[in-house]
Amino acid sequence: MTLFWKLFCSMVSITVLACSLGGFVLIDGQLRASLSQEVQALYEENDMLRYALSHELERRTITHRDELSQLVGSVIITAGGRTMTFRLSGADGRSLGASGVLNVDAAPLTASLAENQRGWALERSTSGGMVLHGASALRLLDETVYLENCRDVTPLYAQRTAQYQSFTYGMLALTAAAGVLSLLVSHLICRPLARLSAAARSIAEGAFDQRVPVTSNDELGRLSEDFNAMALRLEEQVAQLTAAAQREKDFTASFAHEIKTPLTSIIGYADLLLSRPVSPDQVHESAGYIFHEGRRLESLSRKLMDLIIMDRQAPILRPVPLCPFLDQTASALRPAMTQAGLTLDIEAEDAVIHIDPDLIETACLNLLDNARKATPPGGRIVITGRKEEDGRCLIQVTDPGHGIPPKDLPRITEPFYMSDKSRARAQGGAGLGLALCQKIVTLHGGTLEFESTPGVGTTVRIRL
């Protein structure tokens with residue numbers, strides 16, 4: 001059974017049950033109140049009969065049952081325009097005299113009464129109606145006798161039957177109205193759930209941009225808000241996974257291409273040396289190409305290994321003086337800078353930073369090497385190190401080189417991505433240097449920032 005029909009049946013059932021129980025209690029309570037009034041009237045009539053009978057007995061001398069029977073038969077008492085019918089019974093239940101006819105048996109009621117007690121019982125008369133049968137015990141002729149009287153309460157039960165019938169018709173109309181209202185309420189409650197279900201199916205089919213309208217501030221409204229937040233987060237994660245899958249695909253394609261190019265050269269020159277006699281100059285030239293491409297493969301494999309290893313281990317940080325660290329790092333590339341006709345300057349403050357020196361040195365060397373390759377002869381490259389006001393450490397490399405086009409800046413840290421592929425390959429690059437720098441800085445909890453203008457130069461900042 002769906003939630004819609006559960007809500008519908010529950011509301012209709014609760015309404016019918018509550019109204020039925022309330023109607024029964026009301027009608028039954030009204031009957032009980034009317035019966036209570038009738039019992040009071042029954043006792044009052046019985047007291048009147050006892051008083052009248054006692055008054056007649058005082059006027060006459062009664063010595064045996066026959067005289068008592070005649071006396072009872074001669075007493076006529078009226079009240080409210082109605083002649084009261086009564087009976088006098090003995091302890092054995094036999095009638096000692098009566099004024100009118102009582103269509104009830106005396107024994108069941110009188111057998112339970114002691115002298116000077118009275119009681120009543122609701123009984124069905126011989127004519128089929130309902131009567132209140134009352135009796136009181138008194139002492140006459142040296143024996144206990146019972147004065148009985150009755151009140152017809154058949155109209156009360158007939159009225160109750162009519163009330164039940166009217167209530168049944170009313171309940172049918174109320175059930176129909178409750179059914180219509182329950183259908184409306186169930187629809188209003190289940191409509192947001194239906195929208196949520198439809199949106200969930202759409203998301204399951206791949207439409208991650210699905211959202212549901214929030215039309216209330218209740219639990220269903222909050223559920224819709226939570227669903228939208230979940231859908232948004234799922235869409236973002238799927239987009240991230242898609243981008244990651246695309247990057248891995250690009251990485252694989254780029255890696256295959258980068259491997260293929262030097263291997264093709266190596267195989268070609270090796271085949272040249274093996275297939276025919278060549279001059280010593282050609283041997284030297286071919287060996288040079290093979291050596292150059294072999295070094296390129298070695299550099300590529302080393303950087304790939306560094307990327308893989310850094311994914312599996314955390315850096316070991318220790319305090320390092322900033323100025324000596326940058327001097328030592330720059331010294332490794334100073335000969336290459338001089339050979340390229342470049343000037344390398346260091347501007348560092350006396351400060352202590354907490355880093356993994358081997359990793360940060362690798363990052364700085366990659367940045368300096370990129371600056372060397374991008375700067376024409378006569379250029380000045382500056383590496384700067386200082387503490388900033390917020391307590392972070394800044395290492396900055398600035399060059400007056402070719403610069404990076406704005407469209408390439410968001411992707412330059414992707415593995416194998418090269419802004420100028422022909423120039424990068426000619427200088428032995430493979431597009432892994434900045435990816436390695438990004439990984440190192442990320443492991444240190446820092447950021448790698450680029451600011452570049454084509455034809456003017458580039459500034460790269462490491463903030464730790």
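The values are calculated or read from the model by the stated rules, or taken from the named source; none is laboratory data. Source: prediction; values computed, not measured. Counting neighbours? That spans all protein chains shown, and the Cβs are built from the backbone with ideal geometry, glycine included. Note: accessible area is taken over every heavy atom of the protein model, side chains too, but ligands, DNA and RNA are not part of it. Shrake-Rupley method; radii C 1.70, N 1.55, O 1.52, S 1.80 Å.
Here are the criteria: (1) under 20 Å from residue 320 (Cβ atoms); (2) modelled with pLDDT of 85 or more. Tell me which single one residue 454 does not satisfy. Unmet for residue 454, out of (1) under 20 Å from residue 320 (Cβ atoms); (2) modelled with pLDDT of 85 or more: (1). The set of residues from region 219-245 being over 23 Å from residue 195 (Cβ atoms) and open to solvent by 90 Å² or more (accessible area, probe 1.4 Å) comprises 240, 241. For region 129-149: of the residues being more than 10 Å from residue 89 (Cα to Cα) and small (Gly, Ala, Ser), which is surrounded by the fewest Cβ atoms within 10 Å (Cβ to Cβ)? The extreme case among them is 129. Among residues of region 319-346 that are small (Gly, Ala, Ser), those with a beta-carbon under 7 Å from a residue that is not in a helix (DSSP H, G or I) at least six positions away or on a different chain give the pairs 330/344; 330/346; 330/383; 340/377; 341/377; 341/378. When residue 132 is tested against (1) in a strand (DSSP E or B); (2) at pLDDT below 90; (3) not acidic (Asp, Glu), just one condition goes unmet, and that condition is (2). Looking across region 66-112 at every residue that is under 16 Å from residue 47 (Cα atoms) and in a loop (DSSP other than H, G, I, E, B), the one that is modelled with the highest pLDDT is identified as 85. Taken over region 207-232, the criterion of being small (Gly, Ala, Ser) and within 22 Å of residue 188 (Cβ to Cβ) is satisfied by 216, 221, 224.
Do we have any residue at all in region 190-209 that's in a helix (DSSP H, G or I), in contact (Cβ under 8 Å) with a residue 60 or more places away in the chain and of a type in the set (A, V, I, L, M, F, W, C)? Outline the logic, then answer.
Let us first name the residues in region 190-209 that are in a helix (DSSP H, G or I), namely 190-204.
Okay, now just the ones that are also in contact (Cβ under 8 Å) with a residue 60 or more places away in the chain, so 190, 193.
Still in the list and also of a type in the set (A, V, I, L, M, F, W, C): 190, 193.
Yes.
Applying a threshold of 9 Å to beta carbon distances and a minimum spacing of six or more residues, or different chains, the list of pairs starting in region 269-283 at a residue that is free of Cβ contacts under 8 Å to residues at least 24 places away in the same chain and ending at one that is open to solvent by less than 80 Å² (accessible area, probe 1.4 Å) and acidic (Asp, Glu) reads 269/293. Counting only residues that are among the β-branched types (Val, Ile, Thr) and not in a strand (DSSP E or B), region 376-406 holds 1 of them. Here region 160-185 is the region considered, the condition is being in contact (Cβ under 8 Å) with a residue 24 or more places away in the chain and farther than 18 Å from residue 17 by Cβ, and the residue that is least open to solvent (accessible area, probe 1.4 Å) is 163.
Does at least one position in region 131-143 carry a residue that is hydrophobic (A, V, I, L, M, F, W, C), touching a Cys at 6+ places or on another chain (Cβ under 7 Å) and under 20 Å from residue 36 (Cα atoms)? So that I can check it myself, show each step before the final result.
Of region 131-143, the ones hydrophobic (A, V, I, L, M, F, W, C) are 131-132, 135, 137-138, 140-141.
Imposing the further condition that a residue be touching a Cys at 6+ places or on another chain (Cβ under 7 Å) reduces the set to 131-132.
Now restrict to residues that are under 20 Å from residue 36 (Cα atoms): 131-132.
Yes; the residues of region 131-143 include at least one that is hydrophobic (A, V, I, L, M, F, W, C), touching a Cys at 6+ places or on another chain (Cβ under 7 Å) and under 20 Å from residue 36 (Cα atoms).
Residues in region 148-157 that are under 16 Å from residue 32 (Cβ atoms) and in a helix (DSSP H, G or I): 155, 156, 157. The test for being surrounded by fewer than 13 Cβ atoms within 10 Å (Cβ to Cβ), touching a Gly at 6+ places or on another chain (Cβ under 8 Å) and of a type in the set (S, T, N, Q) does not hold for residue 99.
Residue-by-condition table, conditions (1) modelled with pLDDT of 80 or more; (2) open to solvent by less than 80 Å² (accessible area, probe 1.4 Å):
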{"site": "286", "(1), (2)": "yes, yes"}
{"site": "295", "(1), (2)": "no, no"}
{"site": "301", "(1), (2)": "no, yes"}
{"site": "305", "(1), (2)": "no, no"}
{"site": "312", "(1), (2)": "no, no"}
{"site": "327", "(1), (2)": "yes, yes"}
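Can you report the number of residues in region 343-375 which are among the acidic types (Asp, Glu), assigned to a strand (DSSP E or B) and either at pLDDT below 85 or loosely packed, with under 13 Cβ neighbours inside 10 Å (or both)? So the count comes out to 1. Please work out which residue is farthest from the chain's Cα centre (by Cα), limiting yourself to region 4-16 and to residues that are open to solvent by 80 Å² or more (accessible area, probe 1.4 Å) and under 13 Å from residue 183 (Cα atoms). Across region 4-16, the extreme among qualifying residues is 5. Looking across region 185-198, just one residue is in contact with a Phe, Trp or Tyr (Cβ under 7 Å, 6 or more places away or on another chain) and among the small types (Gly, Ala, Ser), and that is 186.
I'm trying to understand the selection: among the residues of region 316-360, which are charged (D, E, K, R) and at positive phi?
Step one: of region 316-360, the residues charged (D, E, K, R) are 318, 327, 334, 345, 347, 349-350, 356, 358.
Matches in region 316-360: none.
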